[in-house]
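Reading through the structure tokens given below for one structure.
Values quoted throughout were computed directly from the atomic coordinates according to the rules given, and no laboratory measurement underlies them. What you see is a predicted model; the values in this text were computed from it and never measured. So basically every Cβ, Gly included, is an ideal-geometry build from the backbone, and we count neighbours across all protein chains shown.
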Amino acid sequence: MLEGRNFTDADNDKSTRVAIVNQTMAHRLWSNQNAIGKRFRVKSNGEDPIEVVGIVRDGQYLFFSPDPQPYFFVPLAQRYTPFRYLEVRSALTPELLVKEVEDRIHTLAPDLPIIDARTMQDTVHGLAGLFIIRLAAALAVAMGILGLILAVVGVYGVVSYTAAQRTREIGVRMALGAERSDILKLVFKEGVAPVIVGVSIGIAVAAMLTRAITKLLIGVSATDPLTYAVVVTLLSTVALLACWLPAQSNSCGSDSGATERVARGVCSHITERCCGDPRIPNRVLPLDQWPVANFGQLRTTSDAY
């Protein structure tokens, strides 16, 4: 109890209707005012106004919620219902506690039946507690993992296929003097850039959509930084790996000799084309002296190679 008083025997069906409200309700209805002595009415039943006689701390009531909800309590004598819950906190074991509570109740009201006595842990984890929420969370996690696996497989497949399709181009570049580091930079630049754009757009869209489920989340933020970091790191790593493997294989000429054959074909083709050129003497010249401009910028993928 933060302010005011608790219920007494005088709070019966003959007296003024009273209630104890929580902090959220007091602040929402009477902000910057003392809620004690204020009155409110419940529209659904059209009863007399209810006077606030006490204020208690916020808690979890009908359902788990990340945000505190307004709530009020009324004395049993003023709103009687035959079915009631009794919650007891004790250091005793559940078996001893249930027996002692039942004995006390039967002493006070011998004809009062007691049903469904169980621990709070059983209640929280049962069908009336978090079972449905845990089941929904497990299904959501399974669908999320499945979606992440599909995204990883899709990213790797598309990026690696695109890089592998450039085998001929890589062979031409290497034949014209491109270094292995240049090949890797080129493949990484053009393979990872779309992934970065896609991940950025995905993060922005996810951040906007998760606002709709904020109230369904318990104990975790809708914009949990760890989740975003894991997904971004995983997709980026897969994209880098998908670019590196084909580029590494092609630049080393180990892809069944494909790159090496293309490079040799290009060298032979250039030699034949240049034999009658007066600018090319009958000796081997460094590549930077051949009559072909911009070797590093060559982007041909002609089937001739």
### Query
Any idea how far apart L234 and T24 come out in nm if each label point goes 7 Å out from Cα toward Cβ?
3.3
### Task
Express the C-alpha Rg of region 76-218 as a ratio against the empirical globular expectation 2.2 N^0.38 Å, rounded to two decimals.
2.18
### Query
If r is the Cβ-Cβ distance from F131 to Y80 and R0 is 25 Å, what FRET efficiency results, to the nearest 0.05?
0.20
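How many percent of all Cα-Cα pairs in region 3-84 sit more than 15 Å apart? The partial results should precede the final answer.
Numbers: 1977 of 3321 pairs.
In whole percent, the long-distance tail amounts to 60.
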### Task
Rank these for me by crowding, L217, L97, going from fewest to most other beta carbons within 10 Å.
L217, L97
### Task
Give, in nm to one decimal, the length gained when the segment between L150 and E100 is fully stretched (0.36 nm per residue of separation minus the Cα-Cα distance).
12.3 nm
### Query
At what distance in nm do the modelled label points of R41 and T214 sit from each other, each positioned 7 Å from its Cα along Cα→Cβ?
3.4
### Query
Using +1 on the beta carbon of Lys and Arg, -1 on that of Asp and Glu, and nothing else charged, what's the dipole of region 3-84 about the Cα centre, debye to 20?
140
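Please report, in debye to the nearest 20, how large the charge dipole of region 106-240 is about its Cα centre when each Lys and Arg carries +1 at its beta carbon and each Asp and Glu carries -1 there.
On the way: 10 positive and 8 negative charges, 116 e Å.
Using Cβ point charges on Lys, Arg, Asp and Glu, region 106-240 gives about 560 debye.
Can you tell me the FRET efficiency between I203 and Q121 if r is taken as the Cβ-Cβ distance and R0 is 25 Å, rounded to the nearest 0.05? Walk me through the numbers on the way to the answer.
Numbers: r = 38 Å, r/R0 = 1.53.
Taking R0 as 25 Å, the efficiency between I203 and Q121 is 0.05.
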### Message
If amide hydrogens are placed 1.01 Å from N in the peptide plane, which non-local residues have theirs closer than 5 Å to the one on E3?
### Response
I55
